[in-house]
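The values are calculated or read from the model by the stated rules, or taken from the named source; none is laboratory data. Please read all numbers here as calculations on a predicted model, not as lab measurements. Cβ placement follows ideal geometry from the backbone for every residue including glycine, while neighbour counts extend to all protein chains displayed. Quick note on the areas: whole protein, heavy atoms, side chains included, nothing else; ligands and nucleic acids left out. Shrake-Rupley method; radii C 1.70, N 1.55, O 1.52, S 1.80 Å.
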Amino acid sequence: MLVVDLPFALPGRFWRGNLHTHTDRSDGALPPQEVARRYREAGYDFLAVTDHFRAAYGFPLTDTRALRTPGFTTLLGAELHAPRTELSSEWHIIAVGLPLGFPPPEPGESGPALARRARAAGAFIGMAHPAASLLTLADAESLDAAHAVEVHNALSAREDRADSWHLTDILLTRGHRLGAYAADDAHFQPRDPPACAAWVQVRARSLDPRALLAALKAGHYYASTGPDLHDVALHDGMITVRCSPVRKILLTGGTPGAQVIEGDGLTECSLPVAMFGHGYCRVTVEDATAGRAWTNPIPLS
């Protein structure tokens with residue numbers, strides 16, 4: 001699995017950020033300056049603007065470097081598109097860490113080929129909202145440049161397709177090396193759900209964009225829509241979890257079933273991993289308002 005070292009004991013600290021955001025450079029309602037201001041004032045440490053990299057918008061790779069401050073930074077990126085998936089006319093691929101001047105799709109270039117080119121250029125590649133895009137297993141397996149799956153997309157909640165863990169667990173069980181992140185997909189359109197609703201906490205020594213990008217590629221992060229994970233550790237066949245107060249702590253993986261602890265104001269527990277054999281497991285916590293947080297997959301072999 002991707003995550004060899006859990007990030008919680010690594011040097012540095014956690015930095016909160018959103019990896020999937022749109023501005024008026026594509027189909028968002030607000031200019032980049034206003035979008036960055038809203039995330040900064042909501043307590044975020046970093047933001048990736050990922051405008052739609054389409055000909056209709058002039059293939060924008062929105063330059064947000066001028067929006068960086070000593071306590072807030074940005075990662076350059078885009079949402080890449082190319083034809084086609086089994087059930088959709090185009091791919092949706094998040095590429096964070098693209099260099100300015102990244103060339104548009106070439107005639108006949110497929111989504112997987114475009115993702116490979118973006119990864120070779122230095123980007124972190126995310127499989128955007130698989131549930132909302134109705135990605136099939138064959139689609140997902142063909143996107144072999146992906147670092148991670150967007151397992152929760154806040155905008156897709158309006159379609160009742162926010163979560164993509166089912167597909168992710170199948171991919172992981174088949175041996176694919178993938179992380180799992182949550183994101184807003186914020187457009188700030190009038191009927192959209194509120195922004196600042198889903199994020200990643202990235203463990204890095206500093207807020208330098210290069211450090212954040214390296215940590216994302218290494219899987220040194222967790223995803224959340226509310227709770228904080230303070231520590232997750234694997235020792236002697238037990239996963240120990242410490243977190244902000246929650247009502248449920250689950251341990252799931254590549255085997256049907258789960259280890260579950262429920263109660264009021266849970267902040268710590270230990271759960272056995274034996275049922276998952278030599279595959280992987282992952283932790284989910286859920287708080288009293290139904291906010292959740294997820295670790296990346298944890299290898300057991």
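A few comments on the model shown:
- Full-extension gain in nm, Arg84 to Asp231, via 0.36 nm per residue minus C-alpha separation: 48.9 nm
- Dipole in debye (nearest 20) - region 1-115, about Cα centre, beta carbon charges: Lys, Arg +1; Asp, Glu -1: 460 debye
- Computed extension length for Phe8-Thr240: 82.3 nm, one decimal, from 0.36 nm per residue of separation with the Cα-Cα distance subtracted.
- Globularity ratio of region 1-149, using Cα Rg and 2.2 N^0.38 Å: 1.07
- Mean separation of Cα contacts under 8 Å, 6 or more apart, over the residue count of the chain: relative contact order %: 18 percent
- For the chain, the longest principal axis of the Cα atoms and the long axis of helix 111-120 meet at an angle of about 80 degrees.
- Cα-based shape type of region 1-53, given that a ≥ b ≥ c are square roots of the gyration tensor eigenvalues and the cut on a/c is 1.5: oblate
- For the chain, the per residue solvent-accessible surface stands at 41 Å², with DNA, RNA and ligands left out and a 1.4 Å probe.
- Region 148-163 - phi-based ³J(HN,Hα) in whole Hz, Karplus 6.51/-1.76/1.60, Gly and Pro as x: 7, 10, 7, 7, 9, 10, 5, 5, 5, 4, 5, 9, 6, 9, 6, 9
- DSSP beta bridges in the chain [antiparallel fraction, %, rounded to 5]: 75 percent
- Coarse-grained scattering of the chain at q = 0.10 Å⁻¹, given as base-10 log I(q)/I(0) from a Debye sum over alpha-carbon atoms: -0.50
- Applying 0.36 nm per residue to the separation of Ala29 and Asp208 and subtracting their alpha-carbon distance, the gain on full extension is 61.6 nm.
- For region 232-291, a simple Cβ point-charge model (Lys and Arg +1, Asp and Glu -1, everything else neutral) yields a dipole of about 140 debye relative to the Cα centre.
- Shape of region 22-85, Cα gyration tensor, a/c cut at 1.5: prolate
- Choice from Ala36, Ala186, Ala290 showing the highest fluctuation, given a GNM over the chain with Cα pairs closer than 10 Å: Ala290
- In degrees, nearest ten, helix 32-41 long axis to first principal axis of the chain (Cα): 20 degrees
- Carbon plus sulfur fraction of accessible area for the chain, probe 1.4 Å, in percent: 52 percent
- Take the Cα of Ala138, go 7 Å toward its beta carbon, and the backbone nitrogen atoms of region 162-202 under 17 Å from that spot belong to 171.
- Region 166-218 - charge dipole about Cα centre, Lys and Arg +1 at Cβ, Asp and Glu -1, debye rounded to 20: 320 debye
- Cα gyration tensor shape for region 201-301, rounded if a/c is under 1.5, else prolate or oblate: oblate
- Farthest positive-ward along the chain dipole, Cα basis, beta-carbon charges - from Pro105, Leu171, Ala9: Ala9
- Here the Karplus relation 6.51 cos²θ - 1.76 cosθ + 1.60, evaluated at θ = phi - 60°, turns the backbone of region 219-236 into coupling constants of x, 8, 7, 9, 10, 7, 10, x, x, 9, 9, 8, 6, 9, 9, 10, 7, 6 Hz, with x for every Gly and Pro.
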